[in-house]
Each structure stands twice: as structure tokens, then as C-alpha cells.
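A quick write-up on the structure given underneath.
None of the figures in this text is laboratory data; all of them are computed from the coordinates on show. Since the model is a prediction, treat every value here as computed from it, not as a measurement. Counting neighbours? That spans all protein chains shown, and the Cβs are built from the backbone with ideal geometry, glycine included.
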């Protein structure tokens, strides 16, 4: 039977700080729709799984830790977990931006829809993209990849390493750049469609200035945009998750 020492309890709590910070910001788990009790239960469950792997490695380094050091470690572990969760959430925020941009390009963003995962209303297409991606996050098991990245973080930033703002900023910047490059590629069909359609409507408006072409063309631009969404929706989500998993494997 393994004795429960003060250092083991402290390290288990530090693991909980990193896991809790990650789940607090992680897409799906960090949604305001998930009850607080369930999030705490998940954080405790993941902590109890990871603690036996982490505690024996650095237990001796914290045997004589002082109170100020413990407080610094608690803040450091929480910030490291939040950093990992933010990197994962950035991709889903970029996907929500894609849905909002696509709605504007096809003229479908007049009335915001009721948000499902977030607390603020968003266009219907943005809600459709983010809700479907959140469901696929759990159906495809991609949330385990985020947890694997959380485990791998202990080989890069151990419990005794303090939070490095410069390192965190570089990681978050990499996540933001890669996610928005990916989203720019996925939004390009709607951008090309909007440019071509508005160019043709502009020509028609010049040829027939007495007819309100822009008002007449609204149902057609919506129908064309929805048809484009029908053919690109599944492929866009497949490419999104491929890019997301590639980032997790490299990060």
C-alpha cells in the first residue's frame, strides 16, 4: 500500500490545477451549458488518472517547498492549463468566425440565432458550424488528443517549472496563426462566390438602373449560398479536424 504523504497531496492538487485550467477553457467541456458539478467531476477524474504518472517523478523536488513557492506553483499550474485550453479553443473560435463570415458573404446574417454553446447570440451558420464541430470533437475522440497534449505538457513544462509568459504567448500565437490560415482556406469558396455574384449583380444594375437589382437578387444569393454550403459543409469540417489534429500532434 502506497503511503499518502504531504508532498503527494500537494502534487495531486497541482495536477488538478493544470487539468482544471485546461478543461475550463477547452471547447465542449468549458461551455457554460455544462453544469459546474460535471466539470469539477471530470477535472477530479482526470487528475486521479494522471497523478500516479506525475507524482513519483517530482515528489522529491517539492518535499521542502515553502508556502510562497507553493502559491507560485498553484498559479503557474493553473496558467499552464489555461494556456493549453486556450490553444484548443482558438481553433473553435476561428471556426465560429468562419461561420459568421460565410453568413455575411451570402447575406444570411440579418438576425442572430440563439447560441447553443456560447452565451452570446451568433448567426445561424456560425452556430451550425460550432455545434457540429463540438459534437464531432467527442464522437471522433479528438478530445482525447487534447488530453494527450495535456499529458505531454509535463515532459516540456514539469510541475517545478514556472509559467513562462513568453513561451505561452508564442504557443498561443502559433495556434492563432495556424487556425486562421486554415479558416481562411475553408472560407475561400464563400468569398469567391460573393465576389462573383456581386460583380454580376453590379453589372446588371448598371445595365438596368431603373430596376432595384440588389433587392431582387437577395433570394438568389441566399439560395446559391445555401447550395454551396450543402456541398462544402462536410468537407470543411473534415479539413478543419484534420488541421486541428495536426496542430495537436505537433504542439
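Summary table below
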quantity: Rg/Rg_ref, segment 112-251, where Rg_ref = 2.2 N^0.38 Å and atoms are Cα; calculated: 1.46
quantity: Rounded, prolate or oblate (a/c below 1.5 giving rounded, otherwise prolate when a/b exceeds b/c) for the chain by Cα gyration tensor; calculated: prolate
quantity: Rounded to 10°, Cα long-axis angle of helix 6-25 versus longest principal axis of the chain; calculated: 0 degrees
quantity: Evaluated at q = 0.23, 0.27, 0.28 Å⁻¹: base-10 log I(q)/I(0), Debye formula over Cα of segment 146-207; calculated: -0.99, -1.09, -1.12
quantity: GNM top mover of 223, 168, 236 - the chain, alpha-carbon springs below 10 Å; calculated: 223
quantity: Degrees, to the nearest 10: 142-156 long Cα axis against longest axis of the chain; calculated: 50 degrees
quantity: Tilt relative to the chain, helix 165-207 - C-alpha long axis, 0 to 90 degrees, to 10; calculated: 10 degrees
quantity: Within a Gaussian network of the chain (alpha carbon springs, distance under 10 Å), most fluctuating of 24, 98, 136; calculated: 136
quantity: Two-site label geometry, residue 216 and residue 152: point separation in nm, points 7 Å out along Cα→Cβ; calculated: 5.7 nm
quantity: At R0 = 30 Å, FRET efficiency that the Cβ-Cβ distance of residue 198 and residue 238 yields, to 0.05; calculated: 0.55
quantity: Within a Gaussian network of the chain (alpha carbon springs, distance under 10 Å), most fluctuating of 201, 40, 67; calculated: 67
quantity: Relative contact order %, the chain, counting alpha carbon pairs below 8 Å whose residues are six or more apart; calculated: 23 percent
quantity: Segment 174-251: equivalent-ellipsoid semi-axes (sqrt of 5 x gyration tensor eigenvalues, Cα, Å); calculated: 36, 13, 7
quantity: Percent breakdown of C-alpha pair distances by 10 Å bin, ordered from the shortest bin, for segment 122-164; calculated: 25, 29, 23, 20, 3
